[in-house]
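Here the structure comes first, spelled out in structure tokens, and everything after it is commentary.
The values are calculated or read from the model by the stated rules, or taken from the named source; none is laboratory data. Predicted, not measured: the structure shown is a model, and the values here were computed from it. No Cβ is skipped: glycine too gets one built from the backbone with ideal geometry, and neighbour counts run over all protein chains shown.
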Ligand code: PAF
């Protein structure tokens, strides 16, 4: 050890700190899409804010493009404490925290304003309180966006056009039960396998929000995009309790506020992609169907709503649809 280092170590000991305590804690954050995508934008804002708010004591290492696995695997890793953070859709989350499932009902939300109001209001905030008992800390609702269908076979205007198509879905029973009423053959699959499955024709199509279709370059493997907007796909910024339980109250506040700012940035990116991305996908060769018969899709979905009412309570569904 050089003389200067010894002096620094003595000084830090005298000040009651350790030279080693100055090392930042690096948190692993994972998400499914690229660093430039909506998930990357939200995650970047979160990480910048916690770094700033803790004077550099916390930093992140980003694992974009599903580098840490599919969303289900990443949530399991959060519970185990082998991963610190994930910015994930609700797709697999209902398997961990059943209270989340209700927000995955197709055609539940009218538009982005409605969805965001519910998530940020008492209903959404109450759902966040259900996570800690499952070994997960939910910092905030971020956003994936309204999902639209793509496929390699034909334009989809009404459910009968979708009927018979083998479509990859998330591993989400609420979605799959709904999509079956459209006549689709739902094929659940983890997202990292999807591009290959579309390329090889193992499935005819998939459904995802515009920011995912854009950032995952699905225009390279899918011809038809129909703006079905058949379900809102909420997302969450989840943290491992292993990290949360070590934070001081002041740092907990920094993390929570950072997550709120992340949500704002992520939603803004979703808006931007919705506004500009469809034209880009057209340029990239996709055939876009803008006029979709939403009423026909809702009509087809009626039997699924009978099951949803039984499972979640008709009054609970109404509480969401009533939010203005
Ligand atoms: O389709 C999915 O699995 C999700 O929408 C994705 C792309 C992983 C983003 O959350």
- Query: Taking the condition more than 12 Å from the ligand (Cβ to nearest atom), in contact with a helix residue (DSSP H, G or I) (Cβ under 6 Å, 6 or more places away or on another chain), in contact (Cβ under 8 Å) with a residue 40 or more places away in the chain and over 27 Å from residue 300 (Cβ atoms), does residue 78 pass?
  - Reply: no
- Task: Would you be able to tell me the number of residues in region 101-149 that are under 22 Å from residue 269 (Cβ atoms), part of a loop (DSSP other than H, G, I, E, B) and touching a helix residue (DSSP H, G or I) at 6+ places or on another chain (Cβ under 6 Å)?
- Result: 1
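In contact (Cβ under 8 Å) with a residue 40 or more places away in the chain, assigned to a strand (DSSP E or B) and either farther than 29 Å from residue 100 by Cα or more than 18 Å from the chain's Cα centre (by Cα) (or both): which single residue out of 227, 238 fits that description?
Numbers: 238 fails: either farther than 29 Å from residue 100 by Cα or more than 18 Å from the chain's Cα centre (by Cα) (or both).
After applying the criteria, what remains is 227.
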- Counting only residues that are more than 16 Å from the ligand (Cβ to nearest atom) and assigned to a helix (DSSP H, G or I), which one in region 19-45 is modelled with the lowest pLDDT? 19
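Determine if region 204-212 includes at least one residue that is without any contact (Cβ under 8 Å) to a residue 24 or more places away in the chain, more than 30 Å from residue 260 (Cα to Cα) and surrounded by 23 or more Cβ atoms within 10 Å (Cβ to Cβ). Break it down into steps so the answer makes sense when it comes.
Keep residues of region 204-212 that are without any contact (Cβ under 8 Å) to a residue 24 or more places away in the chain, which gives none.
Among the residues of region 204-212, not one is without any contact (Cβ under 8 Å) to a residue 24 or more places away in the chain, more than 30 Å from residue 260 (Cα to Cα) and surrounded by 23 or more Cβ atoms within 10 Å (Cβ to Cβ), which makes the answer no.
Criterion first (touching a helix residue (DSSP H, G or I) at 6+ places or on another chain (Cβ under 9 Å) and away from the ligand (no atom under 15 Å from the Cβ)) does residue 166 satisfy it? Break it down into steps so the answer makes sense when it comes.
Details: touching a helix residue (DSSP H, G or I) at 6+ places or on another chain (Cβ under 9 Å): no; away from the ligand (no atom under 15 Å from the Cβ): yes.
No; evaluated as a whole, the condition is false for this residue.
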- Item | Any pair with Cβ under 8 angstrom, 6 or more apart, that starts in region 188-201 at a residue that is over 10 Å from residue 218 (Cα atoms) and free of Cβ contacts under 8 Å to residues at least 12 places away in the same chain and ends at one that is within 10 Å of the ligand (Cβ to nearest atom) and part of a helix (DSSP H, G or I) | none
- Task: Quick one: count up the residues across region 286-302 that are more than 25 Å from the chain's Cα centre (by Cα), surrounded by 12 or more Cβ atoms within 10 Å (Cβ to Cβ) and assigned to a helix (DSSP H, G or I).
- Result: 3
- Restricting region 184-200 to residues that are surrounded by 15 or more Cβ atoms within 10 Å (Cβ to Cβ) and farther than 23 Å from residue 88 by Cβ, the one nearest to the ligand (Cβ to nearest atom) turns out to be 184
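Mind listing whichever residues of region 82-135 are under 20 Å from residue 255 (Cα atoms) and within 16 Å of the ligand (Cβ to nearest atom)?
We begin by selecting, within region 82-135, every residue under 20 Å from residue 255 (Cα atoms); these are 82-89, 119-121, 124-135.
Within region 82-135, 83, 85, 86, 87, 88, 89, 119 meet the criteria.
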- Message: Quick test of your reading of the structure: residue 65 fulfils all but one of (1) within 15 Å of the ligand (Cβ to nearest atom); (2) in contact with a helix residue (DSSP H, G or I) (Cβ under 6 Å, 6 or more places away or on another chain); (3) at positive phi. Name the failing condition by number.
- Response: (2)
